[in-house]
Amino acid sequence: MPICFATHNQNKVQELRNLVGNNLEILSLNDIGVTDEIEETGTTLKENALLKAKYVYDNYTIACFADDTGLEVDALDGAPGVYSARFAGEPANNENNIEKLLELLQNKSNRQARFRTVIALVKDDKPLFFEGIAEGEIISTRRGSKGFGYDSVFLPNNLDRTFAEMDMREKNLISHRAIAVNKLTNFLKQNT
């Protein structure tokens, strides 16, 4: 049974296909002919993930899952959270987001943070949710050139390298997205 991943990002789709192997046929929005951008108007990661998955399920009658990810910083009361991609304003820009984050944390001693990914799966009437969390801290200077978003300033707990200093295989062993995806794929393998 094919299932749609509500994204136009082919790298994300390929990453998922590698994780599930031949057990599932994962299609992207491009594969099913969705050209429009699905607006993320929710105020939580869970709401945004559900909006995207439900949009595809309701309009294209195919089982669908979608994810949303945010960085939550304790000293900023959980910000940027659901607004992580647009933290520094429009146009959305990783460099500006990191600059704003580091500026806000400049005089803060508590730099604890976490990446949280929520995946919503809609294949019947009742949506299901899968969550992954990676705990760590925000360091004061960028390190590494791999990854994207806030990876260069996020140092996972008990490790000495940022996400941006890890290759994809290493990061996928511990990342928030990998944890959520593993929960999703285990569920799908047992229920399809």
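The values are calculated or read from the model by the stated rules, or taken from the named source; none is laboratory data. Fair warning: this is a prediction, and the values are worked out from it, not measured in the lab. Using ideal geometry, Cβ is built from the backbone for each residue, glycine included, and neighbour counts are taken over all protein chains shown.
Answer with yes or no whether Lys123 is modelled with pLDDT under 95, surrounded by 15 or more Cβ atoms within 10 Å (Cβ to Cβ) and in contact with a Cys (Cβ under 9 Å, 6 or more places away or on another chain).
On the way: modelled with pLDDT under 95: yes; surrounded by 15 or more Cβ atoms within 10 Å (Cβ to Cβ): yes; in contact with a Cys (Cβ under 9 Å, 6 or more places away or on another chain): yes.
Considered against the rule, which asks whether it is modelled with pLDDT under 95, surrounded by 15 or more Cβ atoms within 10 Å (Cβ to Cβ) and in contact with a Cys (Cβ under 9 Å, 6 or more places away or on another chain), Lys123 comes out as yes.
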Lone qualifier among Ala85, Ala53, Ala75 - being of a type in the set (Gly, Ala, Ser), at pLDDT 95 or above, part of a helix (DSSP H, G or I) and under 27 Å from Ile139 (Cα atoms): Ala75
Those residues of segment 124-150 which are in contact with a Ser or Thr (Cβ under 9 Å, 6 or more places away or on another chain) and either among the small types (Gly, Ala, Ser) or within 18 Å of Asp67 (Cα to Cα) (or both), in sequence order: Phe130, Glu131, Gly132, Ile133, Ala134, Gly136, Gly144, Ser145, Gly147, Gly149, Tyr150
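Is it fair to say Ile62 is more than 22 Å from Asn186 (Cβ to Cβ) and either modelled with pLDDT of 85 or more or not β-branched (Val, Ile, Thr) (or both)? Don't jump to the end; show me each part of the working.
Working: more than 22 Å from Asn186 (Cβ to Cβ): no; either modelled with pLDDT of 85 or more or not β-branched (Val, Ile, Thr) (or both): yes.
Against the criterion (more than 22 Å from Asn186 (Cβ to Cβ) and either modelled with pLDDT of 85 or more or not β-branched (Val, Ile, Thr) (or both)), Ile62 does not qualify.
Sort through Arg161, Arg116, Arg177 and tell me the only one that's touching a strand residue (DSSP E or B) at 6+ places or on another chain (Cβ under 9 Å), modelled with pLDDT of 95 or more, basic (Lys, Arg) and outside any loop (DSSP other than H, G, I, E, B).
Working: Arg161 fails: outside any loop (DSSP other than H, G, I, E, B); Arg177 fails: modelled with pLDDT of 95 or more.
Result: Arg116 is the single residue among Arg161, Arg116, Arg177 that is touching a strand residue (DSSP E or B) at 6+ places or on another chain (Cβ under 9 Å), modelled with pLDDT of 95 or more, basic (Lys, Arg) and outside any loop (DSSP other than H, G, I, E, B).
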Where a residue in segment 26-51 is over 17 Å from Arg86 (Cα atoms) and its partner, wherever it lies, is of a type in the set (Lys, Arg) and in a helix (DSSP H, G or I), with Cβ under 7 Å and at least six apart: Ile26/Arg17
Pair list, Cβ < 7 Å and 6+ apart or interchain, from segment 101-119 residues that are without any contact (Cβ under 8 Å) to a residue 40 or more places away in the chain and within 26 Å of Asp67 (Cβ to Cβ) to residues that are hydroxyl-bearing (Ser, Thr, Tyr) and surrounded by 13 or more Cβ atoms within 10 Å (Cβ to Cβ): none
Filtered residues of segment 23-50 (kept if buried (at least 19 other Cβ atoms within 10 Å of the Cβ), of a type in the set (S, T, N, Q) and part of a helix (DSSP H, G or I)): Asn48
Subset of segment 1-39 that is acidic (Asp, Glu) and at pLDDT 80 or above - its residue that is nearest to Lys54 (Cα to Cα): Glu39
Residues that are more than 15 Å from Pro80 (Cβ to Cβ), touching an Asp or Glu at 6+ places or on another chain (Cβ under 8 Å) and among the basic types (Lys, Arg), drawn from segment 111-161: Arg143, Lys146
Unmet criterion (only one of (1) of a type outside the set (Phe, Trp, Tyr); (2) surrounded by 19 or more Cβ atoms within 10 Å (Cβ to Cβ); (3) in contact with a helix residue (DSSP H, G or I) (Cβ under 8 Å, 6 or more places away or on another chain)) for Ile62: (2)
Residues satisfying the stated conditions in segment 121-143, i.e. touching a strand residue (DSSP E or B) at 6+ places or on another chain (Cβ under 6 Å), farther than 13 Å from Arg161 by Cα and assigned to a loop (DSSP other than H, G, I, E, B): Pro127
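Per-residue answers, yes or no, for (1) surrounded by 15 or more Cβ atoms within 10 Å (Cβ to Cβ); (2) over 19 Å from Asn11 (Cβ atoms); (3) among the small types (Gly, Ala, Ser):
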{"site": "Gly136", "(1), (2), (3)": "yes, yes, yes"}
{"site": "Lys146", "(1), (2), (3)": "yes, no, no"}
{"site": "Asp151", "(1), (2), (3)": "yes, no, no"}
{"site": "Asn158", "(1), (2), (3)": "no, yes, no"}
{"site": "Asp167", "(1), (2), (3)": "no, no, no"}
{"site": "Ala180", "(1), (2), (3)": "yes, no, yes"}
{"site": "Lys183", "(1), (2), (3)": "yes, yes, no"}
{"site": "Lys189", "(1), (2), (3)": "no, yes, no"}
